[in-house]
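Enquirer: Before we start, here is the structure in question, set down as structure tokens.
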Amino acid sequence: MTDTVLYDYWRSSASYRVRIALNLAGIAYETVVIDLLKSQHSGSDHRARNPQGLVPALQIDGQMLTQSLAIVEYIHETRATGLLPGDALERARVRSLSHIIAMEIHPVCNLSVVSDVMARTGGGDTVRSEWMQHYIRKGLLAFEERLGDGHSGTFCHGDAPTMADLCLVPQIYNANRWGADIADLDRVNAVVENCAGLDAFAAAHPDATGPPA
């Protein structure tokens, strides 16, 4: 048994980031599925863990943590994972890349937000897909350009995974899911391919965790 518990949903990109971080840090954890399609995130039990009613929530070291990037930084700071560089300017770059996805793409492509927009505007499935494709590609184009600033390597920053890779890989999963055109993003696709070769990333993939039973 472990005292580390991840309250998780298989297709949540925020949860996906944390799964990768836990795997890279070698932290054994138990998974408790919060089925978003059954609105389990809105129930009183989960809101007691996270008043926002979001996943992930991580029980670790006797505490309940929320917000994926805060969780990733906690794992880095307490387990010395290398997910953030030691140099302040390099940390700023990694955070900047991470925020392109987590704070720019993710909020406008969150399913609850998009569903609300569709309901208010009368948009249907085609409009929803076009919305996702537009904003995902727009953000990833900026990410691709930033990767060309001379500080990338095998991964987003240098030759070891950082928090930026933990954000990028789940976003590419979403891009493929929604049919966003990303074939021309050579730097992005090369980094994602390198990440896919690491067990920590492969084990965190939604296909490896699977939908709720």
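The values are calculated or read from the model by the stated rules, or taken from the named source; none is laboratory data. Just so it is clear, the structure is predicted and the values come from calculations on it, not from any experiment. We place every Cβ from the backbone using ideal geometry, glycine too, and count neighbours over all the protein chains shown. We work out accessible area using only protein heavy atoms, side chains counted, and drop any ligands, DNA or RNA first. Shrake-Rupley method; radii C 1.70, N 1.55, O 1.52, S 1.80 Å.
Enquirer: What share of all Cα pairs of the chain, in percent, falls into each consecutive 5 Å distance bin?
Expert: P(r) for the chain, in whole percents per bin: 1, 7, 15, 19, 20, 17, 11, 6, 2, 0.
Enquirer: With the cut-off at 1.5 for a/c, could you classify segment 145-203 from its C-alpha gyration tensor as rounded, prolate or oblate?
Expert: Details: a/c = 2.00, a/b = 1.14, b/c = 1.75.
The shape class here is oblate.
Enquirer: Let me ask something else. Please give the contour-minus-distance gain from Ala213 to Arg11: 0.36 nm per residue of separation, less the Cα-Cα distance, rounded to one decimal in nm.
Expert: Values: separation 202, 0.36 × 202 = 72.72 nm, distance 1.38 nm.
Using 0.36 nm per residue and subtracting the Cα-Cα distance, I get 71.3 nm.
Enquirer: Provide, in order from the shortest bin, the percent of all Cα-Cα pairs of segment 1-84 in each 5 Å bin, continuing until the bin that contains the maximum pair distance.
Expert: Percent of Cα pairs in each bin: 3, 16, 28, 27, 15, 8, 2, 0.
Enquirer: Now a separate question. Measuring with a 1.4 Å probe in the full set of protein chains, what accessible area per residue, in whole Å², belongs to segment 106-164?
Expert: 53
Enquirer: Turning to a different aspect of this structure: Any idea of the accessible area per residue across segment 1-61, 1.4 Å probe, to the nearest Å²?
Expert: Accessible area per residue: 45 Å².
Enquirer: Quick one: accessible surface of Leu147, probe radius 1.4 Å, all protein chains present, in square angstrom to the nearest 10.
Expert: Counting only protein heavy atoms, the figure is 10 Å².
Enquirer: A follow-up question, please. Between the alpha-carbon centers of segment 157-213 and segment 19-68, tell me the distance in whole angstrom.
Expert: Their Cα centres are 21 Å away from one another.
Enquirer: Enumerate the amide H contacts of Leu83 below 5 Å, restricted to partners 5 or more residues apart or on another chain; note that Pro and chain-start residues carry no placed amide H.
Expert: none
Enquirer: Could you tell me which of Tyr7, Gly124, Ala80 has its Cα farthest along the dipole of the chain towards the positive end, charges placed at Cβ (Lys, Arg +1; Asp, Glu -1), taken about the Cα centre?
Expert: Gly124
Enquirer: Let me ask something else. Would you mind computing, in nm to one decimal, how far apart the modelled labels at Arg79 and Ala202 are, each placed 7 Å from Cα along Cα→Cβ?
Expert: Computed distance between label sites Arg79 and Ala202 equals 1.9 nm.
Enquirer: Then there is this: Just to check, using Stokes-Einstein with a Kirkwood Rh over alpha carbon pairs, what's the diffusion coefficient of segment 72-155 at 25 °C and 0.890 mPa s in µm²/s?
Expert: This corresponds to a translational diffusion coefficient of 164 µm²/s.
Enquirer: Quick one: of the DSSP bridges fully inside the chain, what percent are antiparallel, nearest 5?
Expert: Numbers: 7 of 12 bridges.
Percent antiparallel among DSSP bridges in the chain is about 60.
Enquirer: Just to verify a number: what accessible area does Ser44 come out at with the full protein assembly present, 1.4 Å probe, Å² rounded to tens?
Expert: Roll a 1.4 Å probe over it and Ser44 shows about 100 Å².
Enquirer: Of the residues Asp87, Asp165, Asp35, which exhibits the maximal mean-square fluctuation in a Gaussian network model of the chain defined by a 10 Å Cα contact cut-off?
Expert: Asp87
Enquirer: With the full set of protein chains in place, find how many percent of the accessible area of segment 60-106 is carbon and sulfur; take the probe as 1.4 Å.
Expert: 50
Enquirer: Rounded to the nearest 20 Debye, what is the dipole magnitude of segment 77-201 about its Cα centre when Lys and Arg each give +1 and Asp and Glu each give -1 at the C-beta?
Expert: 360
Enquirer: While we're here: Starting from the 7 Å offset along Cα-to-Cβ, what nm value, one decimal, do you get for the label separation of Asp35 and Ala70?
Expert: Modelled inter-label distance: 2.9 nm.
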